[in-house]
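Below is one structure; the comments refer to it alone.
The values are calculated or read from the model by the stated rules, or taken from the named source; none is laboratory data. These numbers were taken from a predicted model, which means no experiment stands behind them. All Cβ positions, glycine included, derive from the backbone under ideal geometry; neighbour counts span all protein chains shown. When the accessible area is computed, the model is the full protein with side chains, heavy atoms only, and any ligands, DNA or RNA have been set aside. Shrake-Rupley method; radii C 1.70, N 1.55, O 1.52, S 1.80 Å.
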Amino acid sequence: MTYADEDGHTREFSLEFGAYEGGSVYVRLAGSALVSLVPASAADAVMYPDWAKLAPVTVFTAEPDELSSVTVELSGVTHEILRLVEETETAEEDGDGAVTLTDVIWSANGWVLEPGDMEAWLASLGALPTEGEAPPDGGRDLLLAVTFRWLEPERADVTGEVRVYDSVHCLCVTDGVGVLVPRADAEALTAAMAELLGGA
């Protein structure tokens, strides 16, 4: 097994599996004298992985600097949030040159959103915890629809929807794939966007 730590350094180790004992199996680190008895289901997950389940699942993610705009539908109203880049040139203190300052502004319906709030909201959207898959045609009331438009014109728009699924889950659908997320988190995300657009 190979894994990467927080600094990106890779480490490698080997596990050795022994005989099954009822619902458990013997396992040890290669070369170790310490043998553990672990649940067979945990060992099976390592020995016979379901790669589709092991692959990280995200709802919809986008790097802010790749976007030209984000369209959000809330309560039947559509808002287009533009990502604008302003460059200003200012003289250096010693007067020998100029420095170009770059500011990113998110604007909705003519109003400028608070700096950093849109990036924080996009990060929260991408960090929604997933709790399994569900049919993409499931779900009921639409809480939120988001469309990403990219700076690269040849890149296709990506649209995702967040719908109420049951008392504890919402269904997020992107590119025909449905994943379940905690309803409380989805509703908090929706409320945060409504607050962000409060002045727009």
Using R₀ = 35 Å, calculate the FRET efficiency as 1/(1 + (r/R₀)^6) where r is the Cβ-Cβ separation of Asp117 and Asp5; round to 0.05. 0.65
Collect residues whose amide H, placed 1.01 Å from N in the peptide plane, falls under 5 Å from the amide H of Ala134; neighbours closer than 5 in sequence don't count. Gly178, Val179, Leu180
If packing is taken as the average number of other Cβ atoms within 10 Å across a peptide's residues, how do 21-31, 122-132 rank, most packed first? 122-132, 21-31
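Would you kindly state how much longer the chain becomes between Glu154 and Thr102 on full extension, computed as 0.36 nm times their sequence separation minus their alpha carbon distance, in nm to one decimal? Intermediate results must be reported in sequence, preceding the final value.
Working: separation 52, 0.36 × 52 = 18.72 nm, distance 2.52 nm.
This chain segment gains 16.2 nm when fully extended.
Using the Cα centre as the reference, give the magnitude of the dipole from point charges on the C-beta atoms of the range 126-200 (Lys, Arg: +1; Asp, Glu: -1; all else neutral), rounded to the nearest 20 debye. Working shown, then result.
Working: 5 positive and 13 negative charges, 27 e Å.
About 120 debye.
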Listed highest first by mean packing, meaning other Cβ atoms within 10 Å per residue, what order do 182-191, 32-41 come in? 182-191, 32-41
Enumerate the amide H contacts of Leu113 below 5 Å, restricted to partners 5 or more residues apart or on another chain; note that Pro and chain-start residues carry no placed amide H. Trp106, Ser107, Ala108
Per the C-alpha gyration tensor (a ≥ b ≥ c, the square roots of its eigenvalues), the range 148-200 is rounded if a/c is under 1.5, else prolate if a/b beats b/c, else oblate; here it's oblate
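Divide by every residue of the chain the summed helix terms, -39500 (n - 2.57) for each DSSP H run of at least 4, and state the resulting mean residue ellipticity at 222 nm, rounded to the nearest 500 deg cm²/dmol. Present the calculation step by step, with values, prior to reporting the outcome.
On the way: 4 runs with 36 residues, N = 200.
Using -39500 (n - 2.57) per qualifying helix, the result is -5000 deg cm²/dmol.
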What do the square roots of 5 times the Cα gyration tensor eigenvalues come to for the range 61-153, in whole Å, largest first, as semi-axes of the equivalent ellipsoid? 36, 15, 11
Taking the Cα centre of the range 66-200 as the origin, how large is its charge dipole in debye, to the nearest 20, when only Lys and Arg (+1) and Asp and Glu (-1) carry charge on their Cβ atoms? 880
Find the accessible area per residue for the chain; the probe is 1.4 Å, ligands and nucleic acids are left out, and the unit is Å². 62
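With a 1.4 Å probe and all protein chains left in place, how much of the accessible area of the range 107-186 comes from carbon and sulfur atoms, in whole percent?
Roughly 51 percent, rounded to a whole number.
From the square roots a ≥ b ≥ c of the eigenvalues of the alpha-carbon gyration tensor of the range 99-200, which class results: rounded (a/c under 1.5), prolate (a/b over b/c), or oblate? Can you show the working numbers first?
Working: a/c = 2.34, a/b = 1.65, b/c = 1.42.
Note, shape of the range 99-200 comes out prolate.
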